[in-house]
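Data block below; observations after.
Here, each number is a calculation from the coordinates, and none is a lab measurement. It should be emphasised that the depicted structure is a prediction, and the values quoted were computed from it without experimental measurement. Neighbour counts run over all protein chains shown; Cβ positions are idealised from the backbone, glycine included.
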Amino acid sequence: MTSTRTLIAFNTATASENKIHDDSVASRFGFTGGLVPGVDVFAYLAHAPMAAWGQDWLSGGQMRARFNKPVYDGDATTVTSQLDGEVMKLACSARGIACAEGTARRTGAPAPTALLGVAALPDLKTRPKASMESLPVGATLGTLHERYTREAGLQHIAAVCDDAALYDDGRIANAAWLLRRANYVLADNVLLGPWIHVESEIKLHSLLTDGEELEVRAVVADNADTKGHLMVTLDVQMLSEGRHIMSCRHWAIYEPRQVREAPGKAPVIQPGARDRL
């Protein structure tokens, strides 16, 4: 069974510290405008498994998505889903171009048997610049702590064109809201220039509800030069009072080759901003 959904993409990160979402900066890298965040494109894709399977998926399913081409603010965006039993194939296109693809499974996402370590966050204003040295393989990143609220959930649901009714009118955190915290744990540990979220694989373990505290732990799984881009891979665990909420593997280009080839043209990022997408 194949379903199609259309929406108008919205760039939620125009004021972000990550200037890849800024029109003028993105144009230096060959894009025609600021990129809609990958975590938001993930949200467009994640609507389909949530609509099909509901809380069963959000508390025990999994999903993987890769972002191949940009989606821009205002793009008429089409999301297709093809359901075959317990597996759903996902795709997102805009401007007649295939932009993202993924796969979701209804169940089969066991929680990790071992917990990642915890560490203190660095001072936001003196974070080290992202590099091979500041993100060594095996490093435990500083741990994030945040309370989920229905108000924040509803704001996010509206921004990514999702349906609040699927999440008990915002009282339950959606998968893409959680995934944003994988971006945040990276951006709060190192100072990033323009960077690009490439891919994520998530496993969902239980629901996070209004008023509950969330703890986000992360370890650097890999850091490599990939076709001239410096790419970091994180393993991330999200917990609430010791209960597993979500675990994921998260890939991001923290230094595109365009920045490395012409470092003088890269924008200067002022440390201390809290909008970290």
Longer than 22 Å from Cα to Cα, which of Lys69/Lys89; Lys69/Lys129; Lys125/Lys227 are they? Say none if no pair is.
Lys69/Lys129; Lys125/Lys227
By Cβ neighbour count within 10 Å, fewest first, Phe42, Phe10 rank Phe10, Phe42
Length gained, Arg257-Gln82, 0.36 nm per residue minus C-alpha separation, equals 59.5 nm
Asp168-Lys89 pseudo-label distance in nm [points 7 Å out on the Cα-to-Cβ vector]
3.5
Assigned charges on the beta-carbon of Lys, Arg, Asp, Glu; region 141-202 dipole about Cα centre (debye)
200
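Mean Kyte-Doolittle of at least -1.0 plus a Cα span of 20 Å or more along the axis: flag which DSSP H helices in the chain meet both, please.
Answer set is 38-53.
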Give me the distance in nm between label points sitting 7 Å out from Cα along the Cα-to-Cβ direction at Thr126 and Ser206, one decimal.
3.8
Given (i) 50, 44, 33; (ii) 75, 53, 29; (iii) 54, 41, 40 as possible values of Cα extents along the principal axes in Å, the one from the coordinates is (i)
Could you work out the local net charge near Ala176, counting Lys and Arg as +1, Asp and Glu as -1, over the other residues with Cβ closer than 11 Å to its Cβ?
0
Could you let me know the centre-to-centre spacing of region 165-235 and region 143-158, using Cα atoms, in angstrom?
13
For the chain, what does -39500 (n - 2.57) per DSSP helix run (n ≥ 4), summed and divided by total residues, give at 222 nm, in deg cm²/dmol to the nearest 500?
-5500 deg cm²/dmol
Tell me which residues come under 5 Å, amide H to amide H, from Leu35 once H is placed; ignore anything under 5 positions away on its chain.
His21, Asp22
Sites Lys69 and Ser3 - FRET efficiency at Förster radius 35 Å, r taken between beta-carbons, to 0.05
0.95
Counting other beta carbons within 10 Å of each Cβ, put Met50, Met231, Met238 in order, fewest first.
Met231, Met50, Met238
Residue separation between Glu213 and Ala51 times 0.36 nm, minus their alpha-carbon distance, gives in nm 55.8 nm
Could you please rank Arg181, Arg171, placing first whichever residue has the fewest other Cβ atoms within 10 Å of its Cβ?
Arg171, Arg181
